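Here the structure is laid out as C-alpha cells; the discussion comes afterwards.
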Amino acid sequence: MERLVINGGNPLFGDVNINGAKNAAVAILPATILASKGVCHIDNVPNIEDINCLETILKYLGCKVEAGNNCISIDSSNIVTTNATIPEVRKMRASYYLQGALLSRFKKARVELPGGCPIGDRPIDQHIKGFEALGATVTIEHGAVSIEAEKLVGTTIYFDVVSVGATINIMLAATLAEGVTVLENVAKEPHVVDVANFLNTMGAKIKGAGTDVIKITGVEELCGCNYSVIPDQIEAGTFMVATAACGGEVNVTNVIPKHLESISAKLIEMGVEIVEHDDSVTVKSDKNLKGVNIKTLPYPGFPTDVQQPMSTLLTLAKGRSIVNESIYENRFKHVDELKRMGANVKIEGKIAIIDGVERLSGAHVKATDLRAGAALVIAGLAAKGTTEVEGVEHIDRGYLDIEKKFKALGADIKRVND
Ligand code: EPZ
C-alpha cells in the first residue's frame, strides 16, 4: 500500500508547472465519442488515474486510443457498443458524460452509475431531467442508467440546481439534436467553457458558455479536431494555498490568472502576497496570516474543490474563520484527520468553525477523497514533525506526481510503497 511520508516545516521556493484541467479533460475525452469521422488530437491532458480509467472505457467501446506524454489521440469512427458497463465506469464521477455522448450520437446508452469522491449525496436528477426534456426515456436498474430516444429534439431546459455535470452532459446530448436547445441556470466554470469550445472545434454550434444561458443549435455530424485543454484552476489553487501555509515564494506557471481570482482574493485578504502575470501567478508568504470567512459557490465564487486545502490553511491563521461548504453536505471528512494533527475545528452541518493554532504536529492520517488528500498533504508540509498520508490512490486521481512537484519546491516528501 502506498503512502506519502512528509517531514514538515520547509518553506517552498521555485516554479511549479500546472497540468491540464482534470475536470475539463474528463469531459472532453467522452465528448470525442461524438466524432463520427476523423481523429481528435488533444494536448495538455493530465496523465492522472481518472484519465487512464477513461482511456480503458473508450477502448472498450471501440475507440482507437493512442496516449502520449500529456496528449491523446482518439478515433471514435468505429464504436462497437453503447453499453459502458465495465468496472472502471464505477470508479469515477465523470463517467456520467458517457451517457450524454452515447445518447447524442447513437440515441441510446447503458452506463453504470458513476462513482467518485464520497462528499455528499451527488444525485444525477438534473442530468435525467435534461435527457427526458430532449425526448429520451431514462430508466435506472441493476446499477446502470439506460437511456433511449427515437430522436432528440431541442427545447428549453431550466436547471433546478447549478450543476457542472448536468450542464456539460446535456450540452453533449444537445449537439446533434434537432433544432435549438436553450439551457438556463447553468454552471459557468472554466471547464464548462472549455468543453463548449472543444465541441465547437468539432463542428458544434454552442453559444453562451460561461454565462447563465447556453444555446445549442443541433448539427448533423461532428468530426475529429485538434485541441488543447485549459490549465487546472484547482491544481493551481492547491499549490497557491500550500505556499501560503508553508511560507516561501512560488511561481505557479501555465495558469489563467482570471480563473484563480476568488482564490487570490481570499489569500490576499489573509495577508499573502499575490502577483499576477500573463500566464502565471507568484505567491509569497511569511506565514503571518489572519483568518477569513469562506463560502463555496459555483464559479466565479470560491471553488468547493479548494475548500479542503483552504480549511487546512485556516487552521494555521490567526483568529477565527468560518467555512460554509454550500455545495456539498459532507465535504469536511479531512477535519477529523486535521484534528489528529492539533487543529482546532468544530463542524456544525455545512459550517466549519476554525480557530487558528500556532503549529500543527505531524501524525498518521488517511485521505478519504481527492481534495481531502491534498488538504492533508498541505497540513503535513506545514506541520512540525513527520506526517504519513494514507489513501494516496485518491490523490492520484486528480494530481499528477504531487510529491515530485512539492519535492522540487523544497519539501521533504516521498512516496513509500509497503
Ligand atoms: C463537478 O462535480 C466536479 N467533478 C467536482 O470536482 C466539483 O466539486 C463539482 O463539479 C462542483 O464544482 C467533475 O467535474 C468530474 P455538480 P459534479 O453537479 O458535476 C447537486 C473534484 O474534486 N446536484 O456541479 O458532480 C450536487 O449534489 C471533484 O475534482 C444535484 O442535486 O458537481 C451538488 O450538491 C469533486 N443534482 C451540486 O449540485 C444533479 O443532477 C453541484 O454538483 C447534479 C448535481
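For the list (1) hydrophobic (A, V, I, L, M, F, W, C); (2) buried (at least 19 other Cβ atoms within 10 Å of the Cβ); (3) within 14 Å of the ligand (Cβ to nearest atom), I need the number of the one condition that Phe159 fails.
(2)
Return the only residue of Val365, Val377 being closer than 26 Å to Asn23 by Cβ, more than 15 Å from the ligand (Cβ to nearest atom), crowded, with 23+ Cβ neighbours inside 10 Å and of a type in the set (A, V, I, L, M, F, W, C).
It is Val365.
Considering each of Gly373, Gly398, Gly385, Gly380 in turn, give the residue that is in the same structural domain as Ala242 (by TED's automatic domain parsing) and farther than 23 Å from Val357 by Cβ.
Within the list Gly373, Gly398, Gly385, Gly380, the selection yields Gly398.
Find the strands (runs of 3 or more DSSP E) located wholly in the stretch 332-418 whose residues include 1 or more that are out of contact with any Cys (no Cβ under 8 Å at 6 or more places or on another chain) and over 24 Å from Thr296 (Cα atoms), and list them.
The qualifying strands (runs of 3 or more DSSP E) are 364-366, 386-390, 412-417.
Name the pairs: first residue in the stretch 174-200 and small (Gly, Ala, Ser) and open to solvent by less than 10 Å² (accessible area, probe 1.4 Å), second residue modelled with pLDDT of 95 or more and assigned to a helix (DSSP H, G or I), Cβ to Cβ under 6 Å, at least 6 apart or on different chains?
Ala187/Val164; Ala187/Thr167
In the stretch 118-146, which residue that is open to solvent by less than 20 Å² (accessible area, probe 1.4 Å) and farther than 21 Å from Val182 by Cα is nearest to the ligand (Cβ to nearest atom)?
Ile119
Considering only the stretch 201-249, how many residues are open to solvent by less than 20 Å² (accessible area, probe 1.4 Å) and of a type in the set (Asp, Glu)?
Of the residues in the stretch 201-249, 2 are open to solvent by less than 20 Å² (accessible area, probe 1.4 Å) and of a type in the set (Asp, Glu).
Can Ile33 be described as open to solvent by 20 Å² or more (accessible area, probe 1.4 Å) and closer than 22 Å to Leu152 by Cβ?
Answer is no for this residue.
Restricting the search to the stretch 317-342, which residues are open to solvent by 10 Å² or more (accessible area, probe 1.4 Å) and either closer than 18 Å to Thr387 by Cα or aliphatic (A, V, I, L, M) (or both)?
Ile322, Ile327, Lys333, Asp336, Glu337, Lys339, Arg340, Gly342, listed by residue number.
The values are calculated or read from the model by the stated rules, or taken from the named source; none is laboratory data. Only a predicted model underlies this, so the values are computations on that prediction, with no experimental measurement involved. Ideal geometry is used to build each Cβ from the backbone, glycine not excepted, and the neighbour counts take in all protein chains shown. For the accessible areas, the whole protein counts, side chains as well, though only heavy atoms, and no ligand, DNA or RNA atoms are used. Shrake-Rupley method; radii C 1.70, N 1.55, O 1.52, S 1.80 Å.
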